[in-house]
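Since every read-out is calculated from the coordinates, none of them should be taken as a lab result. Computed from a predicted structure; not experimentally measured. No Cβ is skipped: glycine too gets one built from the backbone with ideal geometry, and neighbour counts run over all protein chains shown.
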Amino acid sequence: LAKTTQPISMDSYEGQEVNITCSHNNIATNDYITWYQQFPSQGPRFIIQGYKTKVTNEVASLFIPADRKSSTLSLPRVSLSDTAVYYCLVDLGSNYQLIWGAGTKLIIKP
Amino acid sequence: NAGVTQTPKFRVLKTGQSMTLLCAQDMNHEYMYWYRQDPGMGLRLIHYSVGEGTTAKGEVPDGYNVSRLKKQNFLLGLESAAPSQTSVYFCASSYVVGDIQYFGAGTRLSVL
């Protein structure tokens with residue numbers, strides 16, 4: 001049974017790079033990994049998605065090692081407004097299973 | 001373009017009462033989902049739909065029913081509410097499974 005594990009919380013400072021890792025098992029080569037951001041009293045919002053190696057967009061990067069047992073969300077030069085809860089989602093496309101992590105509460109300090 | 005709209009935003013029920021939560025999306029998405037989120041926890045999938053007229057059970061379906069009579073709407077029903085169903089409920093939609101999910105703002109439900 002697939003499962004994801006994330007750190008419960010992390011602290012960092014403005015201007016720093018933040019890396020949040022999600023551990024997952026039993027995922028296939030083409031299963032997508034997606035990261036979402038959630039602010040209080042709002043629904044989750046898409047950040048980045050990928051299924052291999054490295055993906056980068058205007059707000060983040062996603063790194064997936066060759067063994068695919070984990071993925072890392074990288075947020076460059078964070079600001080106070082990046083304080084939020086971050087969730088990883090593994091989509092087991094072949095089984096219509098969506099495996100959500102429990103979320104990482106990221107607190108950015110001035 | 002409203003995206004995903006959930007109604008109501010807040011609701012308080014007494015144990016045993018019934019209610020229906022409505023989710024509407026205007027993006028012509030095939031897939032729709034209902035999640036619950038309990039304090040300090042992640043999202044748990046209740047039911048989902050892969051297209052108009054179809055529904056399927058997710059991780060925690062007991063005590064809930066759903067219907068997808070129209071492509072743009074996905075209804076979540078509680079036939080006999082229980083305090084354990086106190087939670088925040090989120091609806092989401094996507095083009096296909098594995099695609100980006102777009103979420104509504106949530107419905108905060110308290111069952112007394």
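Annotation: amide H of B:Thr86 within the under-5 Å range of B:Val111, sequence separation 5 or more or interchain, hydrogens built in the peptide plane. When the protein assembly as shown is described by a simple charge dipole with +1 on each Lys and Arg Cβ and -1 on each Asp and Glu Cβ, the residue from A:Gln42, A:Thr56, B:Gln17 located farthest towards its positive end is B:Gln17.
Using θ = phi - 60° in the Karplus curve 6.51 cos²θ - 1.76 cosθ + 1.60, the 3J(HN,Hα) couplings for segment B:62-79 round to 5, x, 10, 10, 9, 8, 9, 6, 10, 4, 7, 10, 9, 9, 10, x, 10, 6 Hz; x is entered for Gly and Pro.
Backbone geometry of segment A:56-71 corresponds, through the Karplus equation with coefficients 6.51, -1.76 and 1.60 at θ = phi - 60°, to 3J(HN,Hα) couplings of 9, 10, 6, 10, 7, 10, 10, 10, 10, x, 4, 6, 6, 8, 7, 9 Hz, x marking Gly and Pro. Using the Cβ-Cβ distance between A:Val55 and B:Ala56 with R0 set to 25 Å, the FRET efficiency works out to roughly 0.30.
The length gained on full extension between B:Thr15 and B:Gln72, counted as 0.36 nm times the residue separation minus their Cα-Cα distance, comes to 17.5 nm.
Each of A:Tyr32, A:Tyr13, A:Tyr86 has some number of other Cβ atoms within 10 Å of its Cβ, and from fewest to most they run A:Tyr13, A:Tyr32, A:Tyr86.
Averaging 1/r over each pair of different alpha-carbon atoms in segment B:48-110 and inverting the result gives 12.9 Å, the Kirkwood hydrodynamic radius. As a rough footprinting exposure proxy, the listed residues B:Lys14, A:Lys52 were ranked by other beta carbons within 10 Å of their own, and the order from fewest upward is B:Lys14, A:Lys52. The label point for A:Lys105 and the one for A:Ser9, both projected 7 Å from the Cα toward the Cβ, are 0.5 nm apart.
Near B:Gln17, the amide H atoms lying under 5 Å from its own belong to B:Ala81; only residues 5 or more places off or on other chains count, and H is placed 1.01 Å from N.
The slack in the chain from A:Glu17 to A:Gln42, taken as 0.36 nm per residue of separation less the alpha-carbon distance, amounts to 6.5 nm. Per residue, the convex hull spanned by the Cα atoms of the protein assembly as shown measures out at 120 cubic angstrom. Summary value for chain A: 37 percent relative contact order, contacts being C-alpha pairs under 8 angstrom separated by 6+ residues.
The mean sequence distance of close C-alpha pairs (under 8 Å, at least 6 residues apart), as a share of the length of segment B:12-112, puts its relative contact order at 35 percent.
Among A:Val90, A:Val59, B:Val97, the ranking by other beta carbons within 10 Å of each residue's beta carbon, starting with the fewest, stands as A:Val59, B:Val97, A:Val90. Determine the sum of side-chain charges near A:Glu17: Lys and Arg each +1, Asp and Glu each -1, restricted to other residues whose C-beta is under 13 angstrom from that of A:Glu17. It works out to a net charge of -1.
Our summary gives segment A:50-100 a relative contact order of 20 percent, counting only alpha carbon pairs under 8 angstrom and 6 or more residues apart.
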